[in-house]
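> Before I ask anything, here is the structure I am working with.
The values are calculated or read from the model by the stated rules, or taken from the named source; none is laboratory data. Not measured: the values here are computed from a predicted model. Counting neighbours? That spans all protein chains shown, and the Cβs are built from the backbone with ideal geometry, glycine included. Each accessible area value is taken on the protein alone, full model and side chains, heavy atoms only, with ligands, DNA and RNA left out. Shrake-Rupley method; radii C 1.70, N 1.55, O 1.52, S 1.80 Å.
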Amino acid sequence: MKPPETSLEFRDVEKARTLFGPGNEHLRILERHLGVRIHTKGGKVVIEGEEEGRGLAEKALKELYALIGKGYPLYSTDVEYALRIICGDDSAKLEEVFLDTVFVSARKKVITPKTVTQKEYIDAIRRYPIVVGIGPAGTGKTYLAMAMALNFLTKKEVKRIILARPAVEAGEKLGFLPGDLYEKVNPYLRPLYDALYDMIDYDQASRLIERGIIEVAPLAFMRGRTLTDAFVILDEAQNTKPEQMKMFLTRMGFGSKVVITGDITQVDLPEGETSGLIQIQHILRGIEGIRFIYFSERDVIRHPIVQDIIKAYERAEREHPPQEG
């Protein structure tokens, strides 16, 4: 008996080739995730399989084709992200997510959200003075905040960018550290520099840092300051103590935007210490002008093979549970 099928036709054959991917790689991704079979001839597509899988494949292909028609450069990772979005919420529109350009890097890399939550996050940053992004590593919390900061600076909506992190192991008593101060705190700040250099070239970033337009500093350097006309990012905020978080939040001046990011499951404070990030979820809830955005594992942006590795480990642990002792 012939399996049920859905037929589509894409009139622009060149765009259809981009949609299908090199060696039909994009179609293989759809087949693997949705349990369907896809056959092509020119711009014609036949999808075989169960009704739900066929419906999701049809939606993905039509919306990805529309993205290509608007100049979006489609890669296999985009197909993976598109499937996450569609499978999570079949009413979601890929154009609303993928065509929201946050920043174009020095290498002409277009930075856009890749999940619905990432889209909500950047929309919140545009609208609210203070945004708190909470979730696991790899969800783009800091990276997108950095891109938005550069966007605001480029449009002259702020005069400077301040990037801060708590230096937990140093106990924030930075004046008592032996040796050169920046040598001691640099390991804590390195991830912020890495994100910055990924977006603008090294020489440009160095000039902006030298002129004080971009400042990368330990959280302790915020004490006693009023931060006006600035885009301020506090990264790894789960490692702030309540008094540090209060100090940071009360530094905000007129014309500023504050983004706080962290993972409340990865607190490195000494045992018994309360995390300022965990605390503000209760203290600041309901204040107009503050928005909390929560990321989940579904928002982790990784190479697709990483997902396969994680599944393989989970399968192995189910089949052969670790022995005690």
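> Quick check: the angle from helix 25-34's long axis to the longest principal axis of the chain, C-alpha only, nearest 10 degrees?
Approximately 90 degrees, to the nearest 10.
> While we're on this one: Among SER91, SER105, SER275, which one shows the biggest mean-square fluctuation in a GNM of the chain, springs joining Cα atoms closer than 10 Å?
It is SER91.
> What accessible area per residue, rounded to a whole number of Å², is obtained for the chain using a probe radius of 1.4 Å?
Numbers: 17410 Å² over 325 residues.
Averaged over the residues of the chain, the accessible area is 54 Å².
> Can you spot the lysines whose alpha carbon is less than 20 Å from LYS159's alpha carbon? Ignore those fewer than 8 places along the same chain.
Counting by Cα, and skipping residues close in sequence, LYS159 has these lysines nearby: LYS257.
> Give the distance, in whole Å, between the Cα centre of the stretch 122-138 and the Cα centre of the stretch 236-286.
Centre-to-centre (Cα) distance: 13 Å.
> Under a cut-off of 18 Å between alpha-carbon atoms, report the lysines in cross-link reach of LYS108, not counting same-chain residues fewer than 8 places apart.
LYS70, LYS155
> Hey, another quick one. Mind checking which aspartates and glutamates have their C-alpha under 18 Å from LYS44, skipping anything on the same chain fewer than 8 residues away?
GLU5, GLU9, ASP12, GLU14, GLU25, GLU31, GLU58, GLU63
> Working from Cα positions, state the angle (0 to 90°, nearest 10) between the long axis of helix 304-319 and the longest principal axis of the chain.
90 degrees
> Moving on to the next point. List the relative contact order of the stretch 1-121 as a percent without decimals, with contacts defined as Cα pairs under 8 Å and 6+ residues apart.
Relative contact order, the stretch 1-121: 21 percent.
> Sticking with this structure for a sec: On the protein heavy atoms, probe 1.4 angstrom, tell me the percent of accessible surface of the chain carried by carbon and sulfur. Walk me through the numbers on the way to the answer.
Values: 8900 of 17410 Å².
Its accessible area is 51 percent carbon and sulfur atoms.
> Oh, and also: Using a 10 angstrom cutoff on alpha carbons, build the Gaussian network for the chain and name the most mobile of GLY262, GLY286, GLY212.
Of GLY262, GLY286, GLY212, the Gaussian network model singles out GLY286 as fluctuating most.
> Let me ask another. Can you tell me the 0 to 90 degree angle between the C-alpha axis of helix 116-127 and the longest principal axis of the chain, rounded to 10?
The answer is roughly 40 degrees.
> Counting alpha carbon pairs within less than 8 Å and at least 6 residues apart, what relative contact order, in whole percent, applies to the chain?
Values: 505 pairs, mean separation 56.7, N = 325.
Worked out over the chain, it gives 17 percent.
> First measure r as the distance between the Cβ atoms of ALA137 and LYS41, then evaluate 1/(1 + (r/R0)^6) with R0 = 51 Å and state the FRET efficiency to the nearest 0.05.
Details: r = 44 Å, r/R0 = 0.86.
It comes out at approximately 0.70.
> Would you pull out the residues with amide H under 5 Å of ALA230's amide H, same chain only if 5 or more places away, H placed 1.01 Å from N?
Those lying under 5 Å, H to H, from ALA230 are LYS159, SER256, LYS257.
> Highest first, please rank the peptides 108-118, 43-53 by the mean number of other Cβ atoms sitting within 10 Å of their residues. Spell out each step's value before the answer.
Numbers: 108-118: 18.8, 43-53: 16.5.
Ranking, from highest mean packing down: 108-118, 43-53.
> Evaluate the distance, in nm, between pseudo-label points positioned 7 Å from the Cα of GLU157 and of ILE213 along their respective Cα→Cβ axes.
1.8 nm
> Between GLU25 and LEU284, what's the calculated FRET efficiency when r is the beta-carbon distance and R0 is 35 Å? Round to 0.05. Walk me through the numbers before you get to the answer.
Values: r = 46 Å, r/R0 = 1.30.
Once the sixth-power term is evaluated, E becomes 0.15.
> Taking the chain as a Gaussian network, Cα atoms linked when under 10 Å apart, which of PRO218, PRO136, PRO22 shows the biggest mean-square fluctuation?
Of PRO218, PRO136, PRO22, the Gaussian network model singles out PRO22 as fluctuating most.
> At TYR202 and LYS62, where each label point lies 7 Å from the Cα along Cα→Cβ, what is the point-to-point distance in nanometres?
Each label point lies 7 Å from its Cα, and together they span 4.9 nm.
> Which FRET efficiency, nearest 0.05, do ASP229 and THR250 yield, Cβ-Cβ r, R0 22 Å? Please list the in-between numbers first.
Values: r = 17 Å, r/R0 = 0.78.
FRET efficiency, ASP229 to THR250: 0.80.
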